[in-house]
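The values are calculated or read from the model by the stated rules, or taken from the named source; none is laboratory data. Please read all numbers here as calculations on a predicted model, not as lab measurements. Here the Cβ positions follow ideal geometry from the backbone for every residue, glycine too, while neighbour counts run over all protein chains shown. What goes into the accessible areas is simple: the full protein's heavy atoms, side chains included, and nothing from ligands, DNA or RNA. Shrake-Rupley method; radii C 1.70, N 1.55, O 1.52, S 1.80 Å.
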Amino acid sequence: MYGIGVMSGTSLDGLDIVCIDLVAYEKNKEITLVASKTVDYEMNFKEQLSEQCHNHTASLAKITMMNAYLGQFIGEQVIQFLREQQLLVEKVAFISSHGQTIFHEPVGAEGIFEIPSTLQIGDISYISEVTRLPVIGDFRTADMAAGGQGAPLLSFFDANFLYSSSAGRAIQNIGGIGNVTFVSKDEKAPVISFDTGPGNVLIDSAIQKLTNGEKKFDQNGEMARKGTIHEQIVEQLMQHPYYEMPLPKTTGRELYTTHYLNEIVNEMKGASTEDILATLTAYTVETIKQSYGRYLPLEQIDEIYINGGGSLNGYLMELLKQAFPTKKVAPLDGLGVPAVWKEAIAFALFGYNTMLGIPNQLPSATGARREVVMGKVAYCDGNPLMRFQKLRGET
Ligand SMILES: Nc1ncnc2c1ncn2[C@@H]1O[C@H](COP(=O)(O)OP(=O)(O)O)[C@@H](O)[C@H]1O
Ligand SMILES: [Mg+2]
């Protein structure tokens with residue numbers, strides 16, 4: 001019995017698809033990755049997605065159409081993935097899809113719209129129609145309706161699967177945005193989770209801009225490594241009010257826009273592409289370092305595990321090790337969870353909880369009033385729960 005997890009993050013780099021073994025999971029909460037794949041988005045599609053993430057370039061018609069298109073695309077890609085991996089559709093209990101965040105307003109705007117809200121596109125009915133499987137999606141809204149920020153959702157996964165009684169752990173995701181979960185070795189201590197700031201988003205935008213789209217990201221941080229960090233720029237960037245805001249707090253692409261990047265590039269006029277990339281990489285590391293000092297019990301952190309695409313950036317990893325010389329800094333793979341697939345795996349497991357009506361969010365991290373079961377279900381043929389039971393051999 002399989003669960004499929006699908007994730008498309010703020011980096012807009014592509015669609016991560018994983019298949020996990022639900023039999024092993026039900027037996028002893030074991031996370032077994034059966035297969036995984038990233039479908040890279042084509043540049044044109046990525047640009048169109050990116051346009052819909054900003055007020056001044058978004059169009060109502062495009063968002064509506066892309067919601068359907070992306071849903072259909074995800075469905076087709078999951079079918080192709082199953083075929084390539086020779087996994088039987090009949091054995092899949094459900095697909096659980098995060099969708100693509102277009103806009104995220106964690107606190108709420110002024111006036112009558114003073115209410116947290118979010119929009120993920122890639123409609124689950126389209127995924128369900130293409131695959132003929134039950135599909136779970138639209139997770140964040142349930143948390144936000146209950147007063148939460150709808151993020152960071154991975155804190156639930158971290159608290160449940162990455163706890164250790166012998167080491168305090170910081171689980172640091174470096175996707176487009178960076179976020180951390182602190183899991184104390186004291187089981188009763190509260191789990192603390194928040195967005196640290198930029199992950200790869202500025203590094204990606206800068207390299208795409210400065211190489212005229214030739215490079216999508218800084219492979220292993222090789223270009224940045226050749227540059228010199230402009231410390232005074234990093235210091236200046238750290239003055240942003242987000243880094244002093246009280247918890248709970250989350251951020252998104254909204255803060256790290258092309259406009260923001262252009263300002264940095266202008267400020268650094270005359271600097272080489274390598275210098276700009278080195279400085280932006282150091283900026284990401286500095287936001288992590290300073291926020292740990294400000295919001296976490298630093299002395300209680302023994303190990304820092306990195307997941308997300310940033311874990312593949314050797315230079316970024318090196319700077320992180322320098323920032324925390326007394327702590328173990330390593331990719332999450334060290335704990336048996338593949339660093340780049342963690343988010344998709346987590347969403348597969350969140351979907352499992354949705355199906356069974358078990359809460360799948362952590363109010364202490366999101367700020368919600370109470371525990372809720374996040375996620376909505378798109379039925380396809382028949383009752384999805386009965387399909388589940390049939391696969392388990394219960395009927
Ligand atoms: N080999 C690599 N070297 C450096 N950076 C990488 C590498 N592979 C991926 N990345 C970075 O990771 C990003 C994707 O990370 P991901 O965890 O998928 O983020 P998101 O969840 O925001 O989509 C890419 O946009 C890129 O910046
Ligand atoms: Mg991604």
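One residue is enough: does the stretch 159-174 have a residue meeting the conditions among the β-branched types (V, I, T) and crowded, with 21+ Cβ neighbours inside 10 Å?
For the stretch 159-174, residues among the β-branched types (V, I, T) and crowded, with 21+ Cβ neighbours inside 10 Å: present.
In the stretch 226-266, which residues are in a loop (DSSP other than H, G, I, E, B) and of a type in the set (S, T, N, Q)?
Step one: of the stretch 226-266, the residues in a loop (DSSP other than H, G, I, E, B) are 227-230, 238-240, 245-257.
Once the filter is applied, which keeps residues that are in a loop (DSSP other than H, G, I, E, B) and of a type in the set (S, T, N, Q), the stretch 226-266 yields T228, Q239, T250, T251, T257.
Which of the residues spanning the stretch 353-372 are small (G, A, S) and open to solvent by 40 Å² or more (accessible area, probe 1.4 Å)?
Restricting attention to the stretch 353-372, the residues satisfying the condition of being small (G, A, S) are 357, 364-365, 367-368.
Selection gives G357, S364.
For the condition farther than 26 Å from A339 by Cα and in contact with a strand residue (DSSP E or B) (Cβ under 7 Å, 6 or more places away or on another chain), what is the one hit in M7, M66, M1?
M66
So, of the residues in the stretch 305-318 that are crowded, with 23+ Cβ neighbours inside 10 Å and either among the hydrophobic types (A, V, I, L, M, F, W, C) or modelled with pLDDT under 95 (or both), which turns out to be nearest to F182 (Cα to Cα)?
I306
For residues in the stretch 193-214 being open to solvent by less than 20 Å² (accessible area, probe 1.4 Å) and farther than 30 Å from V183 by Cβ, which is nearest to ligand 2 (Cβ to nearest atom)?
Here the answer is I207.
Out of the stretch 108-127, which residues are open to solvent by 20 Å² or more (accessible area, probe 1.4 Å), among the hydrophobic types (A, V, I, L, M, F, W, C) and under 19 Å from the mean Cα position of the chain (by Cα)?
Residues satisfying the conditions are L119, I124.
This table checks each residue for (1) away from ligand 1 (no atom under 16 Å from the Cβ); (2) over 21 Å from M7 (Cα atoms); (3) of a type outside the set (D, E, K, R); (4) touching a His at 6+ places or on another chain (Cβ under 9 Å).
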{"site": "E303", "(1), (2), (3), (4)": "yes, yes, no, no"}
{"site": "K327", "(1), (2), (3), (4)": "yes, yes, no, no"}
{"site": "A339", "(1), (2), (3), (4)": "no, no, yes, no"}
{"site": "K342", "(1), (2), (3), (4)": "no, no, no, no"}
{"site": "G351", "(1), (2), (3), (4)": "yes, no, yes, no"}
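Tell me, which strands (runs of 3 or more DSSP E) wholly within the stretch 303-391 include 1 or more residues that are hydroxyl-bearing (S, T, Y)?
303-307
Test A61 against the stated conditions and say whether it is away from ligand 1 (no atom under 13 Å from the Cβ), open to solvent by 40 Å² or more (accessible area, probe 1.4 Å) and small (G, A, S).
Yes.
Show me the helices (runs of 4 or more DSSP H) entirely contained within the stretch 121-220 in which 3 or more residues are out of contact with any His (no Cβ under 8 Å at 6 or more places or on another chain) and under 19 Å from M7 (Cα atoms).
124-131, 140-145, 154-161
Which count do you get for residues in the stretch 1-55 that are within 22 Å of L385 (Cα to Cα), more than 16 Å from ligand 2 (Cβ to nearest atom) and among the hydrophobic types (A, V, I, L, M, F, W, C)?
Matching residues across the stretch 1-55 total 8.
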